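Below is one structure, written out as structure tokens; the observations come after it.
The values are calculated or read from the model by the stated rules, or taken from the named source; none is laboratory data. This is a predicted model, so every value here is computed, not measured. Ideal geometry is used to build each Cβ from the backbone, glycine not excepted, and the neighbour counts take in all protein chains shown. SASA here: full protein model, heavy atoms, side chains in, ligands and nucleic acids out. Shrake-Rupley method; radii C 1.70, N 1.55, O 1.52, S 1.80 Å.
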Amino acid sequence: MKETETRFTTEALVIKEMNVGESDRLVTLFTREGKLLRAFAAGAKNVRSKKGAATALLTYGSFTVLHKKDTFRIYEAAPMRVFYGAGSDIERLALAQYFCELAAVFAETDSENGEFFRLILNSLHFLTAEMRYPPLVKAITELRTAVLTGYTPDLVACAGCGKFEDDVMFFESAGGALYCGNCKPSAKTAPISRTMLSAMRHIVYAEFSKLYAFDIPNEAARALSDLTGAYITLQTDHRFATLDFYNSIKE
């Protein structure tokens, strides 16, 4: 029986691009539905191609895709938002690429996660358009990513005695648990201030519409960013190349 070709249109963010030959491009799209899609864009590198701008990394656009068997080909593409505002700032650009890697690692090809897509797109907006402090946007993105992908930490109270908070609490990245000073285990833990704990609870438990509606001092944001980066790396046992690059240049 002859395999039929179907056509559909979706909005998506380009999170990976790879040149194929002299004029073609293979891209990974993170769709509005929260799924990953690898598609071939013939002639995208040609100067006159309408697909060129739309299939570049960190571009959000509308894509009409032809699907036959296991192959996806981009028939038409139009850019809607280009997150190149990060290009003038290497720290912001490095983080934008890291957010793309988070999407590539955690999103799936056959399972929808629309809120994860909203998280990545909104974080790129606050990073490049709103110009929010990069470490804070990073911490929000990492910790909420953990929540949306099954790695939610328990920040309700001390795992040992149930104490809600203290001037300094301790977070154990390996178990994703919170402890007070009296209950702190011998395993490696990181001290967190009241400010950091309040921010972490907001990121984990707040409604999405209020996720970015807070601010903390830069020093606390940097400490929180270090903590969330270590947490998501340890929990997933994945070495993020873009995170390593960001850490090498952030100072």
Enumerated strands (runs of 3 or more DSSP E) restricted to the range 2-59, each holding at least 1 residues that are open to solvent by 70 Å² or more (accessible area, probe 1.4 Å) and touching a residue at least 24 places away in the same chain (Cβ under 8 Å):
6-20, 36-41
Go through the range 197-224 and give me each residue that's surrounded by 16 or more Cβ atoms within 10 Å (Cβ to Cβ) and aromatic (Phe, Trp, Tyr).
TYR212
If only one of ASP237, ASP226 is closer than 21 Å to GLU91 by Cα and of a type in the set (D, E, K, R), which one is it?
ASP226
Evaluate the following for LEU227: is it in a helix (DSSP H, G or I), open to solvent by 50 Å² or more (accessible area, probe 1.4 Å) and over 27 Å from TYR84 (Cα atoms)?
no
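Residue by residue, here is whether (1) surrounded by fewer than 19 Cβ atoms within 10 Å (Cβ to Cβ); (2) touching a Cys at 6+ places or on another chain (Cβ under 6 Å) holds:
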| position | (1), (2) |
| --- | --- |
| LEU136 | no, no |
| ARG144 | no, no |
| CYS158 | no, yes |
| ASP166 | yes, yes |
| GLY181 | yes, no |
Across (1) within 30 Å of LYS210 (Cβ to Cβ); (2) open to solvent by 10 Å² or more (accessible area, probe 1.4 Å); (3) part of a strand (DSSP E or B), ALA77 clears everything bar (1)
